[in-house]
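Working notes for the structure below.
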Amino acid sequence: MALFSCSSSAHSDDINKATLSLNNSEQYQLVVTVDFIHLLKKHLAISGDDTKVINLLKQHSFVEQKKLLEHLQVILSQQTSLHFTDINEHKNIKGSIEGNIEQNLKHNIALFKGLQLQHLKRILSQQAGLTEYKVQLSVTGDILQGMDEVAVQFSPLLGDIVLKVIRPQQEIISSATLSKRYKISPTNANLAASNTIVPKTIKLAADYIYQGFVHILPQGLDHILFVLALLLFAKRRSTLIWQVSTFTLAHTITLALGIYGIVELPSTIVEPLIALSIVYVGVENIYRARTKTISHTRMPIIFAFGLLHGLGFASVLGDVGLPQSQYALSLLSFNLGVELGQLTVIALAFMCLYPLMNKNWYQTKLVMSLNIAIAVIAMYWLIERLI
């Protein structure tokens, strides 16, 4: 029952947002929006729901809370850095360009601002679960002179980050005159160079495939249990294929509808229903094992549950965000990542169970025990999400 110690939410790991503003190649500003309580949970290595860390913080004195925030501020700042690159053309003796020479410099940022004790006090005075506790961390600094490129490495405590880079520009335009021309996209030379290294569409697809995969493994405990329940029910390969295909088709539909805003349900409804779907499948597995029958309603019910899980996937993808220029590609890539995660769960479980499948007690003891465990864990999650 070690799973009880983990958060019951399907989407317990935050996907935070950050903005890097590059001001006239002289200064930068980095702003990260993060859940204050979840950040403290990671820093203190506390598992479970938010009430655990809130209750612990309430026991701290004013001085202890202040020291905790100061220490967290230092850790975040030390683990977050900017990496600048200076690219120079390399010429041979004849003056012909043979390639580029890159010089990489790591730049440690100043201390983040935004972790205020008053903000923490205000959060602790509220009832747990009534708000999201969002806070903005910000830092400014000088861009190193002569640098051509910049990349950001964030502290592991900040989790996955959706980074937006902007270049604020301003000019004074005299009355009835035309402004200067602004680049809509990178120059052809720069674009060709970047595409030679890693094509933009391939990198984008890989990023969203990764996000879809990690939402199943290791973050999606409830999705993992649902897929395992489908595997345990299937005594034949064809049954497993039909079940997984039905589930995949259904959650693909609502993932697309949800991300386009056509179908939306609040997480307070979706999360308990996802837990209920796991309870149902686990209990039905137990019942059908005893009666040795297969219900004709099994596939329609799995399809309905797949629609439900798709709304859960859509909420995660909504947090990540989709680039307008590659909307369809990002959506398909995320869904592909989800499918790869599900297939990985099935493959790993099958490898563990296969040596035992010919044992006399496999169905009566092992499969029955696993189904009971799945149903009990899901029931615990259901109660926790309803309270």
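The values are calculated or read from the model by the stated rules, or taken from the named source; none is laboratory data. Keep in mind that this is a model prediction, so the values were computed, not measured. Virtual Cβ from ideal backbone geometry, glycine too; neighbours counted across all protein chains shown.
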Among THR196, THR246, THR252, the single one that is at pLDDT below 85, out of contact with any Lys or Arg (no Cβ under 8 Å at 6 or more places or on another chain), in a helix (DSSP H, G or I) and farther than 30 Å from LEU44 by Cα is THR196
For residues that are among the hydrophobic types (A, V, I, L, M, F, W, C) and exposed (fewer than 11 other Cβ atoms within 10 Å of the Cβ), scanning just the stretch 62-96, find the one that is modelled with the lowest pLDDT.
ILE93
What are the residue pairs meeting all of these: first residue in the stretch 275-304, first residue closer than 19 Å to ARG236 by Cβ and outside the structural domain of TRP242 (by TED's automatic domain parsing), second residue surrounded by fewer than 18 Cβ atoms within 10 Å (Cβ to Cβ) and at pLDDT 90 or above, Cβ atoms under 6 Å, and 6 or more apart or on different chains?
none
For the stretch 342-387, enumerate the residues that are among the basic types (Lys, Arg) and free of Cβ contacts under 8 Å to residues at least 60 places away in the same chain.
LYS359, LYS365
Could you please let me know if ALA314 is assigned to a helix (DSSP H, G or I), at pLDDT below 85 and crowded, with 20+ Cβ neighbours inside 10 Å?
yes
Return yes when ILE259 is closer than 20 Å to PHE350 by Cβ and not basic (Lys, Arg) and no when it is not.
no
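Which of the following residues is modelled with pLDDT under 65, in contact with a strand residue (DSSP E or B) (Cβ under 9 Å, 6 or more places away or on another chain), of a type in the set (Gly, Ala, Ser) and over 30 Å from ASN55 (Cα atoms): GLY141, GLY99?
GLY99
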Scanning the stretch 132-150 for residues that are under 20 Å from the mean Cα position of the chain (by Cα) and aliphatic (A, V, I, L, M), which turns out nearest to SER21 (Cα to Cα)?
LEU137
Extreme residue, nearest to the chain's Cα centre (by Cα), among residues of the stretch 227-239 that are closer than 16 Å to ASN371 by Cα and assigned to a helix (DSSP H, G or I):
VAL227
For the stretch 359-387, enumerate the residues that are more than 11 Å from LEU225 (Cβ to Cβ) and crowded, with 19+ Cβ neighbours inside 10 Å.
VAL367, LEU382, ARG385
